[in-house]
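Each remark here refers to the structure printed beneath this line.
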């Protein structure tokens, strides 16, 4: 049911990793629909530091099928012509089947 609320065009720059020679592999741009909420918040990053997030992005439950794996902090979200690093990834609890989002992502 989240499809009605997925109104914003978001590009996920899928992290490709490194090959056996430690050379970066090509990244892939994947276009998805999601919900962007612009609001400044303090969130904790992977190192446990408090950092300022400029937006929260809600991604649908089908995002793992599109990516072929879980969303990681190495991926980058691109919207409004700007690439945003992922600061925090949360998986909210689905207490209702009305709003079903897989990821709640905070970006810089």
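The values are calculated or read from the model by the stated rules, or taken from the named source; none is laboratory data. No experiment lies behind these values; they were computed from the predicted model shown. Glycine gets a Cβ as well: all are built from the backbone with ideal geometry, and neighbour counts include every protein chain shown.
Assorted remarks:
- Pairing each residue of the stretch 40-53 that is more than 10 Å from residue 108 (Cβ to Cβ) with any residue that is in a loop (DSSP other than H, G, I, E, B), provided the two are 6+ apart or on different chains, yields C-beta distances under 8 Å for 46/73.
- The stretch 27-69: number of residues that are touching a helix residue (DSSP H, G or I) at 6+ places or on another chain (Cβ under 7 Å) and at pLDDT 90 or above: 2
- In this structure, residue 91 does satisfy being farther than 19 Å from residue 7 by Cα, free of Cβ contacts under 8 Å to residues at least 24 places away in the same chain and in contact with a strand residue (DSSP E or B) (Cβ under 7 Å, 6 or more places away or on another chain).
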